[in-house]
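Inspection log for the structure reproduced underneath, given as structure tokens.
The values are calculated or read from the model by the stated rules, or taken from the named source; none is laboratory data. Predicted model, so just to flag it, every value in this text is computed and none were measured. Neighbour counts run over all protein chains shown; Cβ positions are idealised from the backbone, glycine included.
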Amino acid sequence: MDVEILSRIQFAFTIAFHYIYPPLSIGLGLVMVFMEGMYLKTGNVIYEKMTRFWVKIFALIFGIGVATGIVMEFEFGTNWAVYSRYVGDVFGSALAAEGIFAFALESGFLGILIFGWNRVGPRVHFFSTIMVTLGSMFSAIWIVVANSWQQTPAGYHVVGEGINARAEITDFWAMVFNPSSVDRILHVWSGSFLAGAFLVTSVSAWYILKGKYIELSRASFKIALLVALGASLFQLFSGHRSADIVARYQPAKLAAMEGHFDSLAVADMYLFGWVNKEEQKTSGLSIPGGLSFMTHGDFNAPVPGLNSIPEKDRPGAVNFVFQTYHIMIAIGMFLIALSLYTTFLWWRGTLFDKRWLLWLFVWAVLLPQIGNQVGWYTAEVGRQPWVVYKLLRTSDALSEAVTANQVLSSLILFTLVYILLFTLFVYLLNKKITHGPYDTHNEDHSPRHLEMADAVKSSHPTNPS
């Protein structure tokens with residue numbers, strides 16, 4: 001392989017591994033806000049215990065996420081020197097804002113969140129939970145703004161020529177609110193909320209199936225289910241908005257997402273299928289004129305196909321973009337259906353009667369993660385051959401001094417280190433889940449639980465159990 005392919009693989013691998021953790025911390029943070037809010041509202045010690053338990057898991061996720069995110073910043077300088085020079089002004093301001101306004105907020109209140117239970121009052125601790133959650137969400141804003149600028153550049157001008165060319169910001173807010181940033185931020189948030197919510201429902205369902213911590217697990221399952229329902233429905237809206245932006249500003253990516261080749265022809269919308277790039281043919285189950293309707297509100301409206309775009313400006317891996325996009329859509333629709341069906345069972349009073357459904361939730365924790373990953377692959381591979389759309393080609397963004405052997409050796413080392421980190425993460429996560437939210441596996445006979453419960457009952461005589 002040449003240095004470009006290896007560098008792309010290396011960056012894709014490192015960012016894909018890192019992207020396991022920020023969505024979990026964003027989503028889990030929101031669920032914890034609702035958990036601790038319920039504790040303050042009701043005084044029920046169950047909500048405090050579940051919040052304490054998930055704070056420990058949040059701290060583990062946050063730590064691994066920080067460690068894996070640092071690597072990517074070094075890769076900008078080692079593998080992508082021309083790119084770093086070109087986008088330095090734009091990314092510098094966005095990443096500085098992320099550090100000052102987001103990471104500082106999140107990490108500043110993290111100590112209170114983790115260690116402040118017996119040192120600050122309940123309301124102050126709840127405030128710290130909110131601040132940590134907002135910090136993680138603000139962090140996503142600035143990262144997505146920087147990435148969205150690569151997709152739909154705005155608020156800049158280019159100075160210099162050739163290898164010395166670089167983009168300079170002329171309008172900071174135009175850069176921040178570039179055409180795709182807001183919709184992509186909302187889409188990333190909703191995907192993150194799903195990741196965190198389904199982590200909680202997965203663990204809660206597992207406890208219920210094993211007959212452990214039944215009262216606590218049922219309560220936490222319900223809180224997470226409401227978050228999952230809202231996030232899954234909102235993701236349908238934000239995803240449609242993002243697709244509209246792609247259709248307007250990146251027609252080549254849209255054509256690849258649907259395997260549409262014909263120039264200015266009516267476009268079908270595929271539910272699933274396979275793209276033969278050589279024959280320029282897509283086969284599968286489709287809705288005739290569906291893409292035309294989704295794009296223009298008219299089943300007979302023409303949509304620019306890949307053949308209307310110069311071959312050198314088209315995505316190379318058309319079938320890959322097609323498949324990842326449709327996997328993302330399939331997962332999103334399944335999560336909507338699962339959340340709606342489970343909420344209906346809750347309304348009927350039979351939420352926890354179906355063991356097969358609880359087992360489904362145990363394993364459904366993987367689906368938001370897969371959906372987030374393939375959605376990112378769709379966005380980034382679909383943008384090729386541009387690293388900054390219509391401004392800088394990926395092949396021109398490489399560091400001239402780096403060789404293929406150097407990139408390959410570092411990729412192997414990163415792989416080994418990340419395997420070790422992931423193994424450690426799974427081990428610690430499993431250890432915390434196995435230990436459970438109480439000091440003993442019997443929640444009904446836990447001395448600490450009974451002591452806290454008596455205190456709550458005395459201060460909240462009408463508090464529901």
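Checking the conditions here, which among VAL365, VAL381, VAL426 is more than 26 Å from ALA205 (Cβ to Cβ) and modelled with pLDDT of 90 or more?
VAL381
Every residue, every condition in (1) surrounded by fewer than 24 Cβ atoms within 10 Å (Cβ to Cβ); (2) among the charged types (D, E, K, R); (3) in contact with a Ser or Thr (Cβ under 8 Å, 6 or more places away or on another chain), yes or no:
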{"residue": "ALA197", "(1), (2), (3)": "no, no, no"}
{"residue": "LYS212", "(1), (2), (3)": "yes, yes, no"}
{"residue": "PHE234", "(1), (2), (3)": "yes, no, yes"}
{"residue": "SER238", "(1), (2), (3)": "yes, no, yes"}
{"residue": "ASP244", "(1), (2), (3)": "yes, yes, yes"}
{"residue": "ALA247", "(1), (2), (3)": "yes, no, yes"}
{"residue": "HIS260", "(1), (2), (3)": "no, no, yes"}
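For the range 302-341, which positions are closer than 24 Å to LYS390 by Cα, more than 21 Å from the chain's Cα centre (by Cα) and in a helix (DSSP H, G or I)?
Once the filter is applied, which keeps residues that are closer than 24 Å to LYS390 by Cα, more than 21 Å from the chain's Cα centre (by Cα) and in a helix (DSSP H, G or I), the range 302-341 yields LEU306, ASN307, SER308, GLU311, LYS312, ASP313, VAL318, ASN319.
Residues of the range 241-263 being assigned to a loop (DSSP other than H, G, I, E, B), among the small types (Gly, Ala, Ser) and touching a residue at least 60 places away in the same chain (Cβ under 8 Å), which ones?
The one that is assigned to a loop (DSSP other than H, G, I, E, B), among the small types (Gly, Ala, Ser) and touching a residue at least 60 places away in the same chain (Cβ under 8 Å): GLY259.
What residue, among those in the range 142-164 that are over 18 Å from ALA397 (Cα atoms) and crowded, with 20+ Cβ neighbours inside 10 Å, is modelled with the lowest pLDDT?
Filtering first and then ranking leaves TRP142.
Being among the hydrophobic types (A, V, I, L, M, F, W, C), modelled with pLDDT under 90 and crowded, with 19+ Cβ neighbours inside 10 Å is the filter here; which residues of the range 295-333 pass it?
VAL303
Kindly provide the set of residues from the range 152-207 that are in contact with a helix residue (DSSP H, G or I) (Cβ under 7 Å, 6 or more places away or on another chain) and hydroxyl-bearing (Ser, Thr, Tyr), ordered by number.
Those that are in contact with a helix residue (DSSP H, G or I) (Cβ under 7 Å, 6 or more places away or on another chain) and hydroxyl-bearing (Ser, Thr, Tyr): THR152, TYR156, SER180, SER181, SER190, SER192, THR201, SER202, SER204, TYR207.
What is the residue count in the range 31-54 for residues that are surrounded by fewer than 23 Cβ atoms within 10 Å (Cβ to Cβ), aliphatic (A, V, I, L, M) and within 23 Å of the chain's Cα centre (by Cα)?
Summing the residues that are surrounded by fewer than 23 Cβ atoms within 10 Å (Cβ to Cβ), aliphatic (A, V, I, L, M) and within 23 Å of the chain's Cα centre (by Cα) in the range 31-54 gives 1.
Of the conditions (1) within 30 Å of the chain's Cα centre (by Cα); (2) part of a helix (DSSP H, G or I), LEU285 fails just one. Which one is it?
With (1) within 30 Å of the chain's Cα centre (by Cα); (2) part of a helix (DSSP H, G or I) applied to LEU285, the lone miss is (2).
Across the range 37-68, what is the total count of residues that are closer than 24 Å to GLY135 by Cβ, among the small types (Gly, Ala, Ser) and either outside any helix (DSSP H, G or I) or touching a Phe, Trp or Tyr at 6+ places or on another chain (Cβ under 8 Å) (or both)?
Count: 2.
Being assigned to a helix (DSSP H, G or I), under 17 Å from GLY88 (Cα atoms) and aromatic (Phe, Trp, Tyr), is that true of even one residue in the range 133-156?
yes
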